[in-house]
């Protein structure tokens, strides 16, 4: 037998008698495991762990663009970011954007799934149509919405006009622009979340629904007391990916509005992008990144805990 | 009651038809506008009715003003480069987590999963500095590098390997096959559904990605499809050439859209699979 084969046999044997394993074999398994994980670990170190450390350090220093002369400034960058009205607007907008996007898109996703979960030919076609926007690059969607949002003659105003309604200056009016971006995002993501609800609905116990029907529960009661609780893991998952999405996808803002008019559509990641890529303020970009990464971690850990407690309720 | 039973489904069909019409309208418009002649000015451009003799003029103009051939090539290189490396790293790491017992395994597994929260887009600023330090600024390799490891893919492969009974490996091990031969000849062929699902999700994500390539790439010769489209869009929008804008956008969406329509079930299943497992 080759050395490799010995290790393989050893590896496959571990379940039976781990205690009597000779030390040398154990060390060999460990070396093999480490070398298998090494390519991934190197990349994770460089682009996941290190950047978090790096961003905190960078946030504590001031580096003039182009020049050297980095100096320690303590929390000054954080103070500058927090004092920046553009940042505060971006944070507030992001909150509005999160609530305004997630609530309707998850509700629509659930409604679509309930309407379409039976596999008929009609439902299959409608599902495809609703899912399709999620495959399109966000940049391409933004390009199309340039025309859709065009005041007066664009797709939206043209057909609103046929209904006798008057549209807005969708992305030019600072009171409306953020909600136009919200609309685009709901259109793009609702069908994506729908497929998880359709999959989740396959696992809702039929007999419970039937039992509730026999007990005289109407459709709304069945939904509220039987179907929704059974779908809790799906909802927790969908809300988690939606939350990560609202903090990490700003392609449409970059293309359509550039955060404007007058910061009305500025979001956190777009603010960071601008500070780093256009204003070349490395300290501010790093401090803003540190804050948004903290928000991202808090949000995902919160979701994980909610999923955990939900799972315990299930069990 | 009986009336209800007939009317309710009919209302549902009507409502879902209306919803899907609204959802499909942007794409219908793209199709109509890109083939509609005389696209100057916007009046009448919004009509979704095919009231014209189709022309390819918009596509010709789009191809003249954007270097789409180059963009396709660069995006293809990025997407295949990322996927190729990922398939190796996730298979190796997935095998280690599924089949080897070693001290610190659980800790390392959680360390991997951290990438699901600290997603690369949130770390564009420090990652760009790392890319510059590595000498990869303004290169396609720089666009790919942060994605070479995938926590999600590792998790998917681990689950797939765990689902394969050990009998197959034991038989091969008795015959003296080394671990890598077992992975290659036994485990990977049986984990094909997971590999396909991961490939579809990965290719879709990176085909569509924009902000990170925009930060890394400077030289127009390295522009990817999404960067090219954003530049092109700015031009077409400024010139109010809506037909050309539609044609260019269609060119960018077409490859994935056609693949999707051909392998619809596979796509949807892959995304669901990835979501439920990941």
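The values are calculated or read from the model by the stated rules, or taken from the named source; none is laboratory data. Everything numeric in this text was worked out from a predicted model, so none of it was measured. Cβ: placed from backbone, ideal geometry, glycine included. Neighbour counts: every protein chain shown.
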Which number in (1) within 17 Å of the chain's Cα centre (by Cα); (2) more than 12 Å from chain A (Cβ to nearest Cβ); (3) more than 29 Å from residue B:251 (Cα to Cα) marks the one condition that residue B:116 misses? (2)
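For residues that are within 10 Å of chain B (Cβ to nearest Cβ) and under 24 Å from residue A:144 (Cβ atoms), scanning just the range A:224-246, find the one that is surrounded by the most Cβ atoms within 10 Å (Cβ to Cβ). Break it down into steps so the answer makes sense when it comes.
So in the range A:224-246, the residues within 10 Å of chain B (Cβ to nearest Cβ) come out as A:233-234, A:237-238, A:240-241, A:244-245.
Filter once more, so that each one left must be under 24 Å from residue A:144 (Cβ atoms): A:241, A:245.
On the way: A:241: 17, A:245: 21.
Going through the qualifying residues, I end up with A:245.
Filter the range B:62-75 down to residues that are assigned to a helix (DSSP H, G or I) and either touching a residue at least 40 places away in the same chain (Cβ under 8 Å) or within 17 Å of residue A:140 (Cβ to Cβ) (or both), then give me how many there are. Break it down into steps so the answer makes sense when it comes.
At the first step, the residues of the range B:62-75 found to be assigned to a helix (DSSP H, G or I) are B:62-65, B:68-75.
Within this subset, residues satisfying the condition of being either touching a residue at least 40 places away in the same chain (Cβ under 8 Å) or within 17 Å of residue A:140 (Cβ to Cβ) (or both) are B:62-63, B:65, B:68, B:70-72, B:74-75.
Adding up the residues that qualify gives 9.
Any residue in the range B:44-55 that is modelled with pLDDT under 90, facing another protein chain (nearest Cβ under 10 Å) and surrounded by 17 or more Cβ atoms within 10 Å (Cβ to Cβ)?
Among the residues of the range B:44-55, at least one is modelled with pLDDT under 90, facing another protein chain (nearest Cβ under 10 Å) and surrounded by 17 or more Cβ atoms within 10 Å (Cβ to Cβ), which makes the answer yes.
Being within 14 Å of chain B (Cβ to nearest Cβ) and without any contact (Cβ under 8 Å) to a residue 60 or more places away in the chain is the filter here; which residues of the range A:168-179 pass it? Reasoning before the result, please.
Start the filter on the range A:168-179 by keeping residues that are within 14 Å of chain B (Cβ to nearest Cβ), which leaves A:170-172.
Result: A:170, single match.
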Here are B:141, B:122, B:149, B:177: which of them is outside any helix (DSSP H, G or I), under 21 Å from the mean Cα position of the chain (by Cα) and either facing chain A (nearest Cβ under 7 Å) or at pLDDT 90 or above (or both)? B:149
Answer yes or no: is there a residue in the range B:210-218 that is within 8 Å of chain A (Cβ to nearest Cβ), under 26 Å from residue B:271 (Cα atoms) and not in a helix (DSSP H, G or I). yes
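Residues in the range A:231-272 that are farther than 30 Å from residue A:177 by Cβ and in contact (Cβ under 8 Å) with a residue 60 or more places away in the chain: how many?
First, pick out the residues of the range A:231-272 that are farther than 30 Å from residue A:177 by Cβ: A:231-234, A:236-237.
Still in the running and in contact (Cβ under 8 Å) with a residue 60 or more places away in the chain: A:231-233, A:236-237.
Adding up the residues that qualify gives 5.
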Between A:79, A:33, A:27, A:46, which is in a helix (DSSP H, G or I), over 16 Å from residue A:282 (Cα atoms), at pLDDT 80 or above and more than 8 Å from every other protein chain (Cβ to nearest Cβ)? A:27
Counting only residues that are more than 16 Å from the chain's Cα centre (by Cα), within 11 Å of chain A (Cβ to nearest Cβ), at pLDDT 90 or above and not in a helix (DSSP H, G or I), the range B:219-258 contains a total of 0
Screening A:150, A:165 for residues that are free of Cβ contacts under 8 Å to residues at least 24 places away in the same chain, surrounded by 22 or more Cβ atoms within 10 Å (Cβ to Cβ) and either outside the structural domain of residue A:231 (by TED's automatic domain parsing) or not in a helix (DSSP H, G or I) (or both) leaves only A:150
Report whether or not residue B:94 is in contact with a helix residue (DSSP H, G or I) (Cβ under 8 Å, 6 or more places away or on another chain) and either more than 27 Å from residue A:276 (Cα to Cα) or surrounded by 15 or more Cβ atoms within 10 Å (Cβ to Cβ) (or both). yes
Members of the range B:153-174 found to be surrounded by fewer than 24 Cβ atoms within 10 Å (Cβ to Cβ), within 11 Å of chain A (Cβ to nearest Cβ) and assigned to a helix (DSSP H, G or I), listed by number: B:167, B:168, B:169, B:170, B:171, B:172, B:174
If you take the residues in the range A:247-278 that are within 12 Å of chain B (Cβ to nearest Cβ) and not in a helix (DSSP H, G or I), which one is surrounded by the most Cβ atoms within 10 Å (Cβ to Cβ)? A:267
